[in-house]
1. Mind grabbing the accessible area of A:Ser398 for me, 1.4 Å probe, Å², rounded to tens?
2. Taking segment A:143-179, which trypsin sites (Lys or Arg not before Pro) meet the DSSP loop condition and have no more than 14 other C-beta atoms within 10 Å?
3. So what does B:Leu104 come to for accessible area, using a 1.4 Å probe and Å² rounded to 10?
4. Taking the square root of 5 times each eigenvalue of the Cα gyration tensor, what semi-axes in Å does the equivalent ellipsoid of segment A:411-520 have, largest first?
5. For B:Arg133, what accessible surface area do you get with a 1.4 Å probe? Give it in Å², rounded to 10.
6. Find, among the residues of chain A, the one whose Cβ sits nearest the axis of the rotation taking A to B; state the distance in whole Å.
7. Considering only DSSP beta bridges with both partners in segment A:425-520, what is the antiparallel share in %, to the nearest 5?
8. How much FRET efficiency would the formula 1/(1 + (r/R0)^6) give for B:Leu118 and B:Asn260, where r is the Cβ-Cβ distance and R0 is 35 Å, rounded to 0.05?
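The values are calculated or read from the model by the stated rules, or taken from the named source; none is laboratory data. Keep in mind it's a predicted model, so treat the numbers as computed, not measured. A quick note on method: Cβ atoms are made from the backbone with ideal geometry, for glycine too, and the neighbour counts reach across all protein chains shown. With ligands, DNA and RNA removed, areas are computed over all heavy atoms of the protein, side chains included. Shrake-Rupley method; radii C 1.70, N 1.55, O 1.52, S 1.80 Å.
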2 protein chains.
Amino acid sequence: MLGMFCVRAGSGLMGFRAAPRVRSLHSFPGITVAQIDEEVAKLLELKAQIGGDDGKHQFVLKTAKGTRDYNPKQMAIRERVFSTIIGCFKRHGAETIDTPVFELKETLTGKYGEESKLIYDLKDQGGELLSLRYDLTVPFARYLAMNKITNIKRYHIAKVYRRDNPAMTRGRYREFYQCDFDIAGQYDAMIPDAECLKIVYEILSGLDLGDFRIKVNDRRILDGMFAVCGVPDDKFRTICSTVDKLDKMTWEDVRKEMVNEKGLSEEAADQIGGYVSLQGGMDLAERLLQDQKMSRSKQACAGLSDIKLLFTYLQLFQVTDKVVFDLSLARGLDYYTGIIYEAVLTQAGVALVSTEAQNGAPAEESVSVGSVAGGGRYDGLVGMFDPKGRKVPCVGVSIGIERIFSIMEQKAEASAEKVRTTEVQVMVASAQKNLLEERLQLVTELWNAGIKAEVMYKKNPKLLSQLQHCEESGIPLVAILGEQELKDGVVKLRVVASREEVDVSRAALIEEIRRRTSEA
Amino acid sequence: MLGMFCVRAGSGLMGFRAAPRVRSLHSFPGITVAQIDEEVAKLLELKAQIGGDDGKHQFVLKTAKGTRDYNPKQMAIRERVFSTIIGCFKRHGAETIDTPVFELKETLTGKYGEESKLIYDLKDQGGELLSLRYDLTVPFARYLAMNKITNIKRYHIAKVYRRDNPAMTRGRYREFYQCDFDIAGQYDAMIPDAECLKIVYEILSGLDLGDFRIKVNDRRILDGMFAVCGVPDDKFRTICSTVDKLDKMTWEDVRKEMVNEKGLSEEAADQIGGYVSLQGGMDLAERLLQDQKMSRSKQACAGLSDIKLLFTYLQLFQVTDKVVFDLSLARGLDYYTGIIYEAVLTQAGVALVSTEAQNGAPAEESVSVGSVAGGGRYDGLVGMFDPKGRKVPCVGVSIGIERIFSIMEQKAEASAEKVRTTEVQVMVASAQKNLLEERLQLVTELWNAGIKAEVMYKKNPKLLSQLQHCEESGIPLVAILGEQELKDGVVKLRVVASREEVDVSRAALIEEIRRRTSEA
């Protein structure tokens, strides 16, 4: 997809150099197909090594694996999505920062657990050891510690890098955007946390992606639950990561993994099963606070009280219709310390799904296209960077922008509406020859007045090709110059869609163009 | 500068582990100072190896060499600059594209000549060999060839990477933005070239950077001039790169380098000297077309005719007051084939200069802060990527955005005007306790109406601290809630600057906020 393809100069299977060896094979009796295949493979490898085609340049014309170019149409969609998202972040008073694309390797070390193997390292060319950023959260924490910042509300939209197996049709790349909003600072419980959820709600509504649900849980509730169900302390993390698979696996399979692979007792597994099927709102938090077993864990009670408080604020923010307290939510990252959340699109038939179904994935998957936003509270990460270990409590959310791009691109593909890639209001054209100077003069007048205008870079372009360019790029107006118009001091203004033409005096032209394109 | 600093946990010169060894040195008679120094050096090296400080985490808290974070203030300036530049590109009908931050190593190979040693390579972690992009022009050419695009007018703003010696106070980094506008396509001579200069003119005027000059020359005029002056063919490039230094060196020094270092005859050097001192406009091009010697070169004549044509178009574009045909302009990059240009700020006392003067640079340098834009025509680059060598003529310009950022940042530093880092219109506050719910309800109303609003994340914040936050972040309005206001169905709207307060009915609040902040 997306215009990625591979060209090799001279694509014949056997080049000149290999021919004599092939002939010698033919003259040798009794050779097997397997032997031929083997020899062919060797020859092809040899060909690759010598570079082939006798000095003609030969190279692969492609982008690196797992990356893509954005063409103008994709950029137009990307900018529309960014503008909705940034609009929301700004409405909530966020500042923005930027950090370098690479960090000292040691800045990233020990922050991502097992995933560290997916970090891109730079070659050691003398000097510092560097790695490409893996997310925006660790650089943010490094930035806060380095500048001793204890309070900030910031967003950061930038590309991050993971040497993962790309699944580009589903919007999974090795180079991809992250789009993060975080609130750092010591505040009263659950107020910034609730605002993060309000932001997810506003963005997903604003992007018009169909229905969605935001699942909420708390790391402390999960840990407390594991404790009261009899999970040994050293198994919390691994059991947690199995619970995390409940959005893709049935409970039976999750239970099997817990018992058979991770050695949990059947009794403990069943007790967990009783909890992780629970979903609700403030009422569920209240019920669990009364639950004989759960209430034995102080940690769980602290989490449950915070969930209650959270829902109070979510009601005031008018977003409870989409938020559900879900005990099966268990996000992977180590650094979360409190509330965690994840948003999923729930509408069946979202574009992304069809691609997946074609690849033979089970039909059940079409219920969810996976997470389009996620985040949580991480109160310990900044302290890992501070020389004195000073903590800065943080809560944040990351919008899964690449999946959203993929959905939007496929929507645009499917719809009849044409995506404009420029904002040109008017094309300065002429029907007659030898009017280049007059066209350049007029387009200068328009540019100097702030009008978005184009002129063809030809001395004598055909009127038809000028009009065709307008049709193709969605330019709504054409200002046509001719001998007669120049004599009369007017310009013929043509509306591309209706083909209506009207003479406008040169003095009134700019106002007329503004008036006619003020909604565009 | 820019908040970059280095922290090490435990900075004592000698840690605990080294102590016994130091004592043994003290008991040894007759030791020399040099020997002590040597031993100390060994011990320090040992300390560095073992990581020191008994397991306490110890790391350097900094960004990679030659890179920087952008804080919210710098981002606000950056966004203002981008908005002017992108506005201009869009006014001229440009689309935008994006390419990955790394390319296959072979895509960059052989495109940058000597500078190739400055390319950042990624570590070979299995799979493809990758390098960070060095500019945006080569990826653009790769993009055109790969997608068989023969016509496009596009801009691309993105970071590029060079392992150069950073001079960050002068806006030179290892990670820096490039901001390119290019027109690809087979068009009539000099029309797109002239538009590129129009764009440079509009952007530098729009950014209000003080007076500037755009120097223009043509690669063919340079080559023709070298030929008629008797420079041997194989010395064109190296003599060209010496001529390129005329903006930093006197003619005498340039002449010396040509003759003494590069082995050019004194006669040839003097003939070159006669030409490279020439500056003018269309008149100069006409004079040189009549010049007995110059007119012997077909190449030079082609270049000179194009310069004449260029100036015709520049007159129609109304930009000739800043453009000068300057025979000493000789841009470095190999891939230029026709017209080349470079814009410099000419106003003395531009902020950047002072830093340079402090470092002991000669005072003459303060006349120019160096190039803030440059570009030219490169008709052969795309063909290097096309398997069949098909050419796509291109002309483009790159805006030196980092230097512009540095100037803008220093201007902002020097001026009294405060740079706002958010766009918040109103702060929802209360003077009394226990009104958190009411504040959250009101801020929700405002957010839902599209108003940019903030609320403090505290149950009972002090009015003073709420007002202080407004002062600090330049928030113009405060909506104050109290028991009385709630009873009366009003909100007290306070203008932060004037301290004026007025009661506004709840129903009219949103309109009132919009009215009062419509110019902000």
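1. Solvent-accessible area, nearest 10 Å²: 30 Å².
2. Working: sites: A:Lys148, A:Lys153, A:Arg154, A:Lys159, A:Arg162, A:Arg163, A:Arg170, A:Arg172, A:Arg174; in loops: A:Lys148, A:Arg162, A:Arg163, A:Arg174.
Within segment A:143-179, the qualifying trypsin sites (Lys or Arg not before Pro) (loop, at most 14 other Cβ atoms within 10 Å) are A:Lys148.
3. 10
4. Working: eigenvalues 112, 50, 31 Å².
For segment A:411-520, the ellipsoid semi-axes come out as 24, 16, 13 Å.
5. The accessible area of B:Arg133 comes to roughly 10 Å².
6. Of all Cβ atoms in chain A, the one nearest the axis gives A:Lys123, 2.
7. On the way: 9 of 17 bridges.
Counting only bridges with both partners in segment A:425-520, antiparallel ones make up about 55 percent.
8. Numbers: r = 28 Å, r/R0 = 0.79.
For B:Leu118 and B:Asn260, the calculated efficiency is 0.80.
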